[in-house]
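The values are calculated or read from the model by the stated rules, or taken from the named source; none is laboratory data. Just so it is clear, the structure is predicted and the values come from calculations on it, not from any experiment. Cβ: placed from backbone, ideal geometry, glycine included. Neighbour counts: every protein chain shown.
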Amino acid sequence: MNQLAAVLNDAPTTVLRFQPRAGFVETPYIQALSERALAYLRAGYPVHFRGPAGCGKTTLAVHVANQLGRPTMLIVGDDEFTTQDLVGREVGYSRRYVWDNFVHSVVKVEEDSNRQWASNRLTLACQEGFTLIYDEFTRSRPEANNTLLTVLEEKLLVLPHTNGASGYIKVHPGFAAILTSNPEEYIAVHKVQDALLDRMITIELGDFDRETEVEITASRTGLARADAERIVNLVRAFRETGEYEHRPSIRKSLMVAKLLHATHARAIHTDPMVRQVFLDVLDAGRAEPNTSPAKLQRIHTILKLLADYLPENAVATKEHENGKL
């Protein structure tokens, strides 16, 4: 525990007791996902949330980890990771120089090798029985993640020593693992080795249902629920057109809602600020001329949706409240 205390002192955000974030909502959709994941984790299986950017993977992982009631270790995948970055390494090598008092041109070099093992986050989680959240684990190279194979199956963590020897530690029975990833077609995402994927239960995530998106948007932005509904309906409608450059997620609804709330703009399509906010947020993509046919079509679509979903009287129609065009 001395080593753990040192890690906590050096990096106080490494080991956390997560609490639900402000504005977190648990609709029936979220509750059902959480209960599935908790059932798998309590049965001893790691859970893998996979889905597109903005679908709530990390937030859901944090929420589920909190339900387990154990401290949580967070790792964020990185292409530069090696096994040592996850597990640890030997430290303690030193060298000193001694100058002769009588013959100044004589220098004696003394080397001292006092090896000690310095654990990194995965090792500490396995030793202490923490809940591991490995966020975007496929952004790390597959060879770095190979150490997870024995952790998840045999409940053993192999420690690679630099002197050629190796040892292992038994994984604490309280250890649990939650991993998240984007689809493989995303940039900088590595293909998961089949052996690792076979050791976990993958839950595919997509867009939230409409009720969940409305609840999240209203609770996290302070916007009136009626305005949150209209914004969510508009973003979902634009998502269904397929004309976007990057698929708009719940994050787009949150961006728009926060901007409208911060600028005190009314959620009506004739407000110039509202029109510009929606164009800037929803039409984000790669640079292209403003006169290109694709861009002009997207702008036309967004302006048409604004007129449909943000009427002048700021009262949503029955069809819009039901999420229909």
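Scan the range 123-138 for residues that are surrounded by fewer than 18 Cβ atoms within 10 Å (Cβ to Cβ) and either assigned to a helix (DSSP H, G or I) or within 15 Å of the chain's Cα centre (by Cα) (or both) and the total you get is 1. Can you name the residue in the range 242-265 that is under 18 Å from ASP308 (Cβ atoms) and touching a Phe, Trp or Tyr at 6+ places or on another chain (Cβ under 7 Å) and is also surrounded by the fewest Cβ atoms within 10 Å (Cβ to Cβ) among such residues? Looking at the filtered set, the residue picked out is TYR244. Consider the range 266-288 and keep the residues that are over 31 Å from the mean Cα position of the chain (by Cα) and part of a loop (DSSP other than H, G, I, E, B). The one that is surrounded by the most Cβ atoms within 10 Å (Cβ to Cβ) is HIS269.
With respect to the conditions (1) in contact with a helix residue (DSSP H, G or I) (Cβ under 8 Å, 6 or more places away or on another chain); (2) outside any helix (DSSP H, G or I); (3) not assigned by TED's automatic domain parsing to the domain that holds GLU128, ALA177 falls short on a single one, namely (3).
Yes/no per residue for (1) in contact (Cβ under 8 Å) with a residue 12 or more places away in the chain; (2) in a helix (DSSP H, G or I):
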| residue | (1), (2) |
| --- | --- |
| LEU159 | yes, no |
| ILE187 | no, no |
| VAL192 | yes, no |
| LEU196 | yes, yes |
| ARG199 | yes, no |
| THR202 | yes, no |
| ASP207 | yes, no |
| GLU211 | yes, yes |
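Screening GLN193 against (1) closer than 20 Å to GLU35 by Cα; (2) surrounded by fewer than 22 Cβ atoms within 10 Å (Cβ to Cβ); (3) not aliphatic (A, V, I, L, M) leaves a single unmet condition, (1).
Does the range 226-242 contain at least one residue that is in contact with a Gly (Cβ under 7 Å, 6 or more places away or on another chain) and assigned by TED's automatic domain parsing to the domain that holds SER292? Within the range 226-242, one or more residues are in contact with a Gly (Cβ under 7 Å, 6 or more places away or on another chain) and assigned by TED's automatic domain parsing to the domain that holds SER292. Across the range 246-262, the qualifying residues are those that are in contact with a helix residue (DSSP H, G or I) (Cβ under 6 Å, 6 or more places away or on another chain) and either assigned to a loop (DSSP other than H, G, I, E, B) or of a type in the set (S, T, N, Q) (or both), and the one among them that is modelled with the highest pLDDT is SER253. Taken across the range 21-31, residues that are aromatic (Phe, Trp, Tyr) and modelled with pLDDT of 95 or more do not occur at all.
THR291 meets each of the listed conditions (1) polar (S, T, N, Q); (2) in a helix (DSSP H, G or I); (3) free of Cβ contacts under 8 Å to residues at least 12 places away in the same chain apart from (2).
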